[in-house]
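*Asks:* After the structure tokens below, expect a handful of questions from me.
The values are calculated or read from the model by the stated rules, or taken from the named source; none is laboratory data. All of these numbers come straight from a predicted model, not from anything done at the bench. For neighbour counting, all protein chains shown are included, and Cβ atoms are generated from backbone atoms with ideal geometry for every residue, glycine included. Just the protein is used for accessible areas: all its heavy atoms, side chains included, with ligands, DNA and RNA removed. Shrake-Rupley method; radii C 1.70, N 1.55, O 1.52, S 1.80 Å.
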Amino acid sequence: MEADTIANDGPTEAQKLRADHTAGAAVEDSGNSASVLAPAPAPQDSGNTFRLFEDVAQAHDTMPIVSVSKAMVRFTLYETRTRFYVVGANADDTIFRVLKIDRTVDVGELSLTEDDAVYNRRQVLALLGTIEDGNKSTGFTKLLVAWGIVGFIRFTAGYYMSLITKRSIVALIGGHYVYHVDETQLLPIMAGPTSKLPDRNSEEGRYLSIFQSLDLGKTFYFSYTYDITNTLQNNIIRTRAAAAAGPHTKVKTPKPIFNEMFVWNDHLLQGARTCLKDTTDWCLPIIHGFIDQAKLSVFGRAVYITLIARRSHFFAGARFLKRGVNDKGYVANEVETEQIVSDMLTMSFHSGKEGIWGNPRYTSYVQHRGSIPLNWSQDVTNMSPKPPIEINVVDPFYSAAALHFDDMFGRYGAPCVVLNLVKERERTPRESLLLTEFTACIEYLNQFLEEGRKIQYIAWDMSRASKSRDQEVILTLERIAEQVLEETGFFHNGGSPTPAARAAGQHIMKLQHGVVRTNCIDCLDRTNAAQFMIGKRALGHQLHALGIIDEPFVAFDTDAVNLLTEMFHDHGDTIALQYGGSHLVNTVEGYRKINQWSSHSRDMIEAVRRFYSNSFVDATRQEAINLFLGNFRVSKDKPKLWDLTNDYHLHHHDPRLPRKRRDYQMWWTPNNLKDCEGPPAMPKVKGRVEEKVLADHWTNVYKPVISSFQRVFAYNVNSSLRYLPPGVMQKEGREMDISPFKIRAREVSQPKEIEKQKEKASKEKSFSLHRWLIHADPSISAVMEKTGSFHDSERSSEKEIKDEGKHEGKVTAVDNIVHACSQPTVNEQEMQEYERYISYPQAQTITAVIATSSNKPHPEFTPYVDMATAKVESHGPKEEDLAVFQRYLDVPQEAMKMKSNLVSGIDSEEVVKKKYTAYQSWLKGRGMTVGKAAVKGGAFTSISLAKTCNDGFTSKRPPNQRRRFNTPKNKRLSSNRLSELFTFF
């Protein structure tokens, strides 16, 4: 039947395909440079080429880290009426493979045929041309170019194929790129009417809409050549163990290559597993969580900090809908966080001294978070932001928790340090109920474990400590972090622990034994702050192990810690959005008591967002997660997904099926508590295999492409250099320590007007009285020059201006202020100014001299000159002042209550107004000019009085203490009202 399809008409589409491939048509990548503009020529001797490839492939058959030359990174999809053809190509376009998908099978079936042949460019072009020639009458088109196949899914009709159509680079680990999924496309496979998207109101359309509501373009990651589902320590150990077994052996690794717990598209890969020999050759395992990478610049030496968070797809879901643990031992919101610190002096995992996979410039530390492993839940039907906590099942043997900790021992070894941060004291017991039950659980499980293997339990009420004045949250977490690191250690790659390696002076590999498990009630806010403090402590040990710093400690307010703080903040926000529906409510800055007002308002907004998401959005998200992960399988004899009252049976064991019961005392697996042994000694491989292994990562990193700096990942990666003040590298003659471990004061942003006033005030303070006098009398300048104090004063004043401008805007610590107030000191500049005052000639006559210099005298110097040269006048009181004073003496004591006329023709109220207004003006130091006052018939109007009160009294008070009076302009003030005004002031 295939032969009938091929033997058809002319090669029009084939000519286009050949032209496209020959010209090296660019394939755009939303991340970085991925345009192959100069493809490599096809090998002339295809047999020898593939024989060499077979030799290298045999050496890597059992290695978790795939050979770069073998991995396919680009997939081109071609369509005919009866088939899909997927052509996969490797990174340098030298190896091609073909996958055929049958579109004519029955509904509910999936037919994938993998071509065992490996083609070069010339051969695959000829094959595509032949297929196009045989399908000219029915059509042969190129649909799209994808960067990976996520998998295959079906609901009530045929299968769909999910493809990654856009990607972006987020990290580079050992020469292996890690990508973020930006866009995906769901393509129906079946031919005919079913190839179109179904109606939205149909059952198929509703399932399709729910499936697509889980956006794969947010926080999903993959890699072609690096296993991101496992930690760096597991990858290195298993890879070296497989390589040590021999380059031509077929020894399989004891564990699967990818960790199924973190493969979120595991359900979509099940259909491909039944048809393909190796599913991972065509379908990419993707993880859900968070990945970020930043560069720590140490005087030009690049140190990469990589943060990887892997979310478990077992018992996954939304916040209030997934709590505690299921009967299989999987907890809700389970996330594994790995912190990799690597010195990029050598990028590859290999080292010339320590051998293959032995580069000692890679370190990592792993943490774990997860819900409290008890059977508990919260009812959200009452729309409460804090629903009551209910313990559903009280198991005296804690079977589910035993399964959970046994799995923890199997993955990380012993010891397991549990950091429990729930509240201890509450008015209405909520979290404290779980604290009591969890403590009893740990005590029960520990009584059967031997010493050295027991679960180490630390319970601390972090919420109460943050509100207390006698406890420091950061200092307590620092002590806990150091204690945890002493127990578990961290991974540092190196040579094998053999006598020959020690004699050669090789660095010996160090392993992390055990893990710290942190939890609060949601495993979001408090947990993220605690994990940051542990990560900060681990960063100091990692940098110390790499020889970057002398002591295993990095301080706050350094560029290195600021960079890590930002990464953990993004890490916490992402995990909180995935589980709780909002960003972090309480951040690290809040626990450090930094920017409390701004952080408090932000926390309130995020709390409202979280409440809204939990009340109205989480149910829909939970349906999408259950459908995507395969927890719910569409079947005719089962209810619809939207008809389920709850999803309890989807995540727990079916009680109708038999189940093996584990021992209540020997609840752990003995092999899980054995000490982790280091990798065996690496064999000395020589020849073409060793050359190919050592050069694998160069093919992926240094591809022959033409691009720009704006699209290169190494150029766009976040760096600690951006924390330096702007322009510090361009200013000459300015000494500043650009080390990322230098403690820097926090900058505060102030309005421009305040900054200008500070600058003006600082300049005015730098001038003294002796500096003014030198412009008035040259003799003073001569005296100053003889004593040498003038030039010293000028130099010190200029230095003071520079210093004040340099330190302007810095926030002084409270300790420095207290020390300066309790122990006042006199600096050198103040002492010199005092010496000039006491050495100044006492009999020096102050005279006014017309300055010939271009420098203008200080404004405050002018009154002194005017007073010295002005004509002396009598200093007696003026007549108008005496008149005002006399009128004041004539005011009766009960003037405010008098109703009779004191002066003929003038009302008593007007007299009171006039006299008190005059007295007010006199107090203000302003003479009372009758010609300027608004007088009508010998009396002040209410307008002038109100204006005087507003201008005189109100302006004397600070703006925040002013009392405003809404008095109509044309209304006369009564004596009672006037009495109230003066009584207030």
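*Asks:* Hey, could you check the stretch 629-654 for residues that are part of a helix (DSSP H, G or I) and not acidic (Asp, Glu) and say which is farthest from GLY581 (Cα to Cα)? Lay out the reasoning, then the answer.
*Replies:* Here is the first cut: in the stretch 629-654, the ones part of a helix (DSSP H, G or I) are 629, 641-643, 648-651.
If we keep only those that are not acidic (Asp, Glu) as well, we get 629, 641-642, 648-651.
On the way: LEU629: 19, LEU641: 22, TRP642: 21, TYR648: 21, HIS649: 24, LEU650: 22, HIS651: 21 Å.
Restricting to residues being part of a helix (DSSP H, G or I) and not acidic (Asp, Glu), the top hit is HIS649.
*Asks:* Condition (residue is within 24 Å of ARG154 (Cα to Cα), open to solvent by 100 Å² or more (accessible area, probe 1.4 Å) and modelled with pLDDT under 90) applied to the stretch 639-647: is it met by at least one residue?
*Replies:* Keep residues of the stretch 639-647 that are within 24 Å of ARG154 (Cα to Cα), which gives 639-647.
If we keep only those that are open to solvent by 100 Å² or more (accessible area, probe 1.4 Å) as well, we get 645.
Applying the additional criterion that residues be modelled with pLDDT under 90 yields 645.
Yes - at least one qualifying residue is present in the stretch 639-647.
*Asks:* Quick check: anything in the stretch 614-634 within 16 Å of the chain's Cα centre (by Cα) and surrounded by fewer than 18 Cβ atoms within 10 Å (Cβ to Cβ)?
*Replies:* no
*Asks:* Quickly run through the stretch 386-411 and pick out the residues that are open to solvent by 30 Å² or more (accessible area, probe 1.4 Å), touching a strand residue (DSSP E or B) at 6+ places or on another chain (Cβ under 7 Å) and aromatic (Phe, Trp, Tyr).
*Replies:* Within the stretch 386-411, none qualify.
*Asks:* If I filter the stretch 217-226 for residues that are part of a loop (DSSP other than H, G, I, E, B), within 21 Å of the chain's Cα centre (by Cα) and either buried (at least 21 other Cβ atoms within 10 Å of the Cβ) or among the acidic types (Asp, Glu) (or both), do I get at least one hit? Even if it seems obvious, please write down each step before you answer.
*Replies:* Initially, the stretch 217-226 is screened for residues part of a loop (DSSP other than H, G, I, E, B), giving 217-219, 223-226.
Subset that is within 21 Å of the chain's Cα centre (by Cα): 217-219.
With the extra rule that they be either buried (at least 21 other Cβ atoms within 10 Å of the Cβ) or among the acidic types (Asp, Glu) (or both), the set shrinks to none.
No - not one qualifying residue is present in the stretch 217-226.
*Asks:* I need a count of the residues in the stretch 98-117 that are assigned to a strand (DSSP E or B) and either open to solvent by 40 Å² or more (accessible area, probe 1.4 Å) or among the acidic types (Asp, Glu) (or both).
*Replies:* Taking the stretch 98-117 as the starting set, the residues that turn out to be assigned to a strand (DSSP E or B) are 98-102, 112-114.
Pick out the ones that are also either open to solvent by 40 Å² or more (accessible area, probe 1.4 Å) or among the acidic types (Asp, Glu) (or both) and you get 100, 102, 113-114.
So the answer is 4.
*Asks:* From the list GLY590, GLY572, which one is open to solvent by less than 20 Å² (accessible area, probe 1.4 Å), on the phi < 0 side of the Ramachandran plot and of a type in the set (Gly, Ala, Ser)?
*Replies:* Numbers: GLY590 fails: open to solvent by less than 20 Å² (accessible area, probe 1.4 Å).
Going through GLY590, GLY572 in turn, just one is open to solvent by less than 20 Å² (accessible area, probe 1.4 Å), on the phi < 0 side of the Ramachandran plot and of a type in the set (Gly, Ala, Ser): GLY572.
*Asks:* Further question on the same structure: Mind listing whichever residues of the stretch 227-260 are acidic (Asp, Glu) and either open to solvent by 10 Å² or more (accessible area, probe 1.4 Å) or modelled with pLDDT under 85 (or both)?
*Replies:* Passing the criteria: only GLU260.
*Asks:* Let me ask something else about it. Mind telling me which of the residues ILE548, ILE605 ends up being β-branched (Val, Ile, Thr), open to solvent by 10 Å² or more (accessible area, probe 1.4 Å) and not assigned by the TED database to the domain that holds LEU296? Spell out how you get there, then give the answer.
*Replies:* Working: ILE548 fails: not assigned by the TED database to the domain that holds LEU296.
When all the criteria are applied, what remains is ILE605.
*Asks:* Report, by residue number, each residue of the stretch 455-473 that is part of a strand (DSSP E or B) and buried (at least 16 other Cβ atoms within 10 Å of the Cβ). I'd like the intermediate steps shown before the answer.
*Replies:* Step one: list which residues in the stretch 455-473 are part of a strand (DSSP E or B), which gives 456-459.
Those that are part of a strand (DSSP E or B) and buried (at least 16 other Cβ atoms within 10 Å of the Cβ): GLN456, TYR457.
*Asks:* Something else now. I'd like the full set of residues that are farther than 26 Å from TYR648 by Cα, assigned to a strand (DSSP E or B) and in contact with a Ser or Thr (Cβ under 8 Å, 6 or more places away or on another chain), limited to the stretch 383-417.
*Replies:* Quick first cut of the stretch 383-417, residues farther than 26 Å from TYR648 by Cα only: 409-417.
When the remaining residues are screened for being assigned to a strand (DSSP E or B), the result is 416-417.
Of everything in the stretch 383-417, just one residue is farther than 26 Å from TYR648 by Cα, assigned to a strand (DSSP E or B) and in contact with a Ser or Thr (Cβ under 8 Å, 6 or more places away or on another chain), namely VAL417.
*Asks:* From ASN519, ASN586, which residue is closer than 23 Å to GLY489 by Cα and touching a residue at least 40 places away in the same chain (Cβ under 8 Å)?
*Replies:* On the way: ASN586 fails: closer than 23 Å to GLY489 by Cα.
Answer to the check: ASN519.
*Asks:* Here's another thing I want to ask about it. Tally the residues that are in contact with a helix residue (DSSP H, G or I) (Cβ under 9 Å, 6 or more places away or on another chain) and more than 29 Å from GLU204 (Cα to Cα), restricting the search to the stretch 127-164.
*Replies:* Residues of the stretch 127-164 in contact with a helix residue (DSSP H, G or I) (Cβ under 9 Å, 6 or more places away or on another chain): 128-136, 138-142, 149-160, 162.
Checking the rest, the ones that are also more than 29 Å from GLU204 (Cα to Cα) come to 128-136.
Qualifying residue count for the region: 9.
*Asks:* Now for a separate question. Would you tally the residues in the stretch 186-216 being assigned to a helix (DSSP H, G or I) and either in contact with a Leu (Cβ under 6 Å, 6 or more places away or on another chain) or buried (at least 18 other Cβ atoms within 10 Å of the Cβ) (or both)?
*Replies:* Keep residues of the stretch 186-216 that are assigned to a helix (DSSP H, G or I), which gives 192-195, 203-212.
Filter once more, keeping what is either in contact with a Leu (Cβ under 6 Å, 6 or more places away or on another chain) or buried (at least 18 other Cβ atoms within 10 Å of the Cβ) (or both): 204, 206-208, 210-211.
Within the stretch 186-216, residues that are assigned to a helix (DSSP H, G or I) and either in contact with a Leu (Cβ under 6 Å, 6 or more places away or on another chain) or buried (at least 18 other Cβ atoms within 10 Å of the Cβ) (or both) number 6.
*Asks:* Select from the stretch 314-349 the residues that are open to solvent by 20 Å² or more (accessible area, probe 1.4 Å) and under 30 Å from ILE169 (Cβ atoms) and write down the one among them that is modelled with the lowest pLDDT.
*Replies:* Here the answer is THR346.
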